[in-house]
Amino acid sequence: MTHSQQNKTYGISMIGIGACVPESVVTNDDLTKLVDTSDEWVRTRTGIRQRQVVSGDETVADLAIAAAKDALASAGISGEEIELIIVGTSTPDTIYPAVSCQVQHAIGAKNAAGFDMALACSGFVYGTVTAQQFLKNGMYKKALVIGADIHSRFVDWYDRNTCVLFADGAGAAVLVAEEGAEDNFLASDLHIDGSKGGELTLYNETENCPLVAPRSSASPHVSMNGREMFKFAVGVVPKSIKATLERAGIELEDVDHLVLHQANIRIMQAMSEKLNIPPEKMITNLEHIGNTSAASIPIALNEAVLKGEVKPGELLVFCGFGAGVAWGTTILRWTCVDHRTEKMATFQKSLANAHNS
Ligand code: UT7
């Protein structure tokens, strides 16, 4: 960064959104072949009816790249213009290279820097707030933030406590800095609390050097204390949202939509009640998508944008929470003029057809 850049101020906006979910669908009824559960239990306790999972050699990078391309189309810019790529993922195909490097190559972002963040379900919000800092100080002008996870390769499909929840997908957003412009990111709030780390864990299976004492065995699958995670979410999310609103000088009534991590419909209902927010302001899509971890917020937002539910000028609150434990909120004015006009028209037409049939 040069000295002249330091004296300038930059307004940050989100100008593109995109998503990708794999095609293979697993319904609640399908899961009854693996575990002692029922469609009724899963729907009423979680709000989930089905989830999509990767199959064959599909990778988290494949999903991240497809979501990135969709977000670039939404923003109407080329991959070459991207200078920073942040990927929130806790389920990379490879420990290295980072998923951000694979995305960089695939979209032709020749001059980009990038890195991955392993903050589970908070990864997209952490990535968005981190990108804002690089853009605000003038170091970069255009950033791509991606949330991508494939938990289907990490859950124990014979553990009904977790296998009914998680799903695979990726969501991406383009953020830009404009010199002297109004800042459309109004305030943020980030936290971690490692004392509760044991409530939701995913160990890797690697072994020590054979010349030293072996590791004691740890489950290589997702392990979760659901009740504790539920309590944690319901406790911290309203506080974080209120603190962020206060920092931004905004009243809750002025918020048009909340896009929360899609963990459980009952968590979102509890938030609506605690914050006294009309349920229709809460964007939800976990019924057909499940819990896609770092990807859930951008996937839900993308769907709401395609539906025409979220419109330019509206105030949005994003809040992610999950393993770590980690949580975070950011408030923004939605200013994206989506360039995917054909895709939006097709999406809305198919919704209308489904509604009429
Ligand atoms: O994305 C990261 C953040 N994730 C979260 O924040 C998740 C938060 N937690 C939750 O969403 C919920 O706690 C769960 C959906 C995981 C579980 O729902 P719950 O209402 O808290 O159920 P529970 O764990 O208290 O279990 C109630 C009963 C138990 O049976 P008993 O002991 O009462 O006989 C469970 O064994 O439900 C049983 N159960 C099931 N039954 C049928 C647990 N999972 C299932 C299942 N099908 N899949």
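Where a number appears in this text, it was derived from the coordinates with a stated rule and is not lab data. This structure is a prediction, so every number in the text was calculated from the model and none was measured. A quick note on method: Cβ atoms are made from the backbone with ideal geometry, for glycine too, and the neighbour counts reach across all protein chains shown.
What to note about this one:
- Taking the average, over residues, of other Cβ atoms within 10 Å as the packing measure, peptides 117-123, 158-164 rank 117-123, 158-164 from highest down.
- Only helices enter this figure: runs of n ≥ 4 DSSP H residues, each worth -39500 (n - 2.57), summed and divided by the residues of the chain, yield -10500 deg cm²/dmol at 222 nm to the nearest 500.
- Over 24 Å (Cα to Cα) - which of LYS142/LYS307; LYS142/LYS196; LYS110/LYS136 fall in this group: LYS142/LYS307; LYS142/LYS196
- Taken about its Cα centre, the chain carries a charge dipole of roughly 380 debye when the Cβ of each Lys and Arg holds +1 and the Cβ of each Asp and Glu holds -1.
- Cα gyration tensor shape of region 38-112, rounded if a/c is under 1.5, else prolate or oblate by comparing a/b with b/c: prolate
- Antiparallel %, DSSP beta bridges [both residues in region 1-153], to 5: 30 percent
- Signed unit charges on C-beta, dipole axis of the chain, positive-most listed residue VAL255, SER152, CYS336: VAL255
- Rounded if a/c under 1.5, otherwise prolate or oblate - region 3-179, Cα gyration tensor axes: prolate
- Average Cα contact separation per residue, the chain, under 8 Å, 6 or more apart, as relative contact order %: 25 percent
- For the chain, hydrophobic long helices are taken as DSSP H runs at least 18 Å long by C-alpha position along their axis with mean Kyte-Doolittle hydropathy of 0.5 or more; these are 60-75.
- With contacts taken as Cα pairs under 8 Å and at least 6 residues apart, region 3-179 reaches a relative contact order of 35 percent.
- Estimated dipole of region 3-179 in Debye, rounded to 20 [Cβ of Lys and Arg +1, of Asp and Glu -1, Cα centre]: 560 debye
- Rounded to 5, the percent of DSSP beta bridges in the chain classed as antiparallel: 70 percent
- Sparsely packed loop sites in region 1-96 (the GluC sites (Glu not before Pro) outside DSSP H, G, I, E and B with at most 11 other Cβ atoms within 10 Å) comprise GLU23.
- Cα gyration tensor shape of the chain, rounded if a/c is under 1.5, else prolate or oblate by comparing a/b with b/c: rounded
- Dipole of region 191-288, positive direction: furthest Cα of ASN225, ALA213, VAL236, with charges on the beta-carbon: ALA213
- Taken as Cα centroids, region 22-94 and region 194-253 sit 20 Å apart, rounded to the nearest whole angstrom.
- Short to long, the 10 Å bins of the Cα pair-distance histogram for region 93-179 hold 15, 42, 28, 11, 4, 0 percent of all pairs.
- Mean separation of Cα contacts under 8 Å, 6 or more apart, over the residue count of region 20-86: relative contact order %: 35 percent
- Choice from ASN204, ASN291, ASN302 with maximal GNM fluctuation in the chain (Cα, 10 Å cutoff): ASN204
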